[in-house]
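The values are calculated or read from the model by the stated rules, or taken from the named source; none is laboratory data. Bear in mind that the values here come from a model prediction, so they are computed numbers and not experimental data. A quick note on method: Cβ atoms are made from the backbone with ideal geometry, for glycine too, and the neighbour counts reach across all protein chains shown. Accessible surface areas use protein heavy atoms only, side chains included; no ligands, DNA or RNA. Shrake-Rupley method; radii C 1.70, N 1.55, O 1.52, S 1.80 Å.
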Amino acid sequence: MIYLNSFNLPTRDEEEHFLNSFRRTCYDSYYPFNFFTSDKQFERIDFSDITILCGSNGSGKSTLLNIIAEKLKLDRKTAYNKTYFFDPYIEKCHYELSVHDPLQLKDLKRLSKIITSDDVFNYIIEVRERNENLNFKRELIFNEKSEMDRYGWQGPRGFNADDPQSMKAYTDYCKKRKQSGSRYVRGSIGVDERTYSNGENGFKYFTDSILPGGLYLLDEPENSLSAEMQLELVQFIIGMARFYDCQFIMSTHSPFLLSIPYAAVFPLKSTIPYAKIYDMDNSPVSVCKWTDLPNVRIYYDFFKDHDCEFDEI
């Protein structure tokens, strides 16, 4: 499903008009002004079911994702680095959606979001901290149960059958006294979240966050994922695009994510979602096959050079 058809960056004339009217000379850089139009000759991006931005560090792929997310006012968990000129730059951008019905737009806005590496790492840390807090509380509750078993009923002002609060406190005490220490602790604070590896928690974050019918911007989702988990993420993304009306725009270096079927193999009307890949290192920025990307060629040449070692195995 394609919700965002296209996105237009400011033209060179618009950028020059803004910069000429901006009288301050104390800035060393006006980034992102002059970056995409002058350096990349890139003013418009047209989207597919799955659109991928690939390029080396500093190529602007994450910046472009953040510009799109801010212009569309998508939900985000963590802040991003931006210069003084981001807001005036974003004001000059415009886009075209395929959805115009107000109720559909409201649902799309509610579901759509940008997911960054910081979001995933923060989630991994939060799970770890929650489990550590539970361990601390578990010790306190276990000591409370030990005190209860050792000294018996310690209610305020003893036991008063005519006092409803005293009756309730004593009844709760009797129930707790019958429980084993482990059952009492679990009943009081619950159990740990299931222990996953960082990669498994990262993958779980994507599967929990991505819901049917949304537009999702993913910034280098392969971070913290093994090759096996990256392939699982590929299948998840294809499935959500094909069967659950999701659209994806993502930046990546991963050859596994870049190998998602592309337009030359699967035409637009196919039931298989295809990926349109933009080479952000090229000037002008252009659509290409994943096998033509310099980043992928490095992997190819590396394994080709070591081919004999695999033959020996």
Enumeration of residues in the stretch 42-67 that are touching a helix residue (DSSP H, G or I) at 6+ places or on another chain (Cβ under 9 Å) and not small (G, A, S): F42, E43, I45, D49, I50, I52, L53, C54, T63, L64, N66, I67
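Per-residue answers, yes or no, for (1) out of contact with any strand residue (DSSP E or B) (no Cβ under 6 Å at 6 or more places or on another chain); (2) at pLDDT 90 or above:
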position: N5; (1), (2): no, yes
position: N8; (1), (2): no, yes
position: L19; (1), (2): yes, no
position: F22; (1), (2): yes, no
position: F36; (1), (2): yes, yes
position: D39; (1), (2): yes, no
position: F42; (1), (2): yes, yes
position: I45; (1), (2): no, yes
message: Whether any residue in the stretch 11-25 is over 27 Å from H253 (Cα atoms) and buried (at least 18 other Cβ atoms within 10 Å of the Cβ) is what I want to check.
response: yes
query: So which of L64, L103, L108 is in a helix (DSSP H, G or I), surrounded by fewer than 13 Cβ atoms within 10 Å (Cβ to Cβ) and hydrophobic (A, V, I, L, M, F, W, C)?
result: L103
statement: Counting only residues in the stretch 270-313 that are more than 27 Å from F42 (Cα to Cα) and outside any helix (DSSP H, G or I), the one modelled with the highest pLDDT is identified as H306
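Here's the yes/no breakdown for (1) modelled with pLDDT of 90 or more; (2) under 20 Å from the mean Cα position of the chain (by Cα); (3) not hydroxyl-bearing (S, T, Y):
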site	(1), (2), (3)
C54	yes, yes, yes
K61	yes, yes, yes
K77	no, yes, yes
K82	no, yes, yes
C93	yes, no, yes
D101	yes, no, yes
Q104	yes, no, yes
E139	no, no, yes
E144	no, no, yes
query: Between a first residue in the stretch 215-244 that is among the basic types (K, R) and a second residue that is open to solvent by 30 Å² or more (accessible area, probe 1.4 Å), which pairs have beta carbons less than 7 Å apart while being 6 or more apart in sequence or on different chains?
result: R242/T271; R242/I272
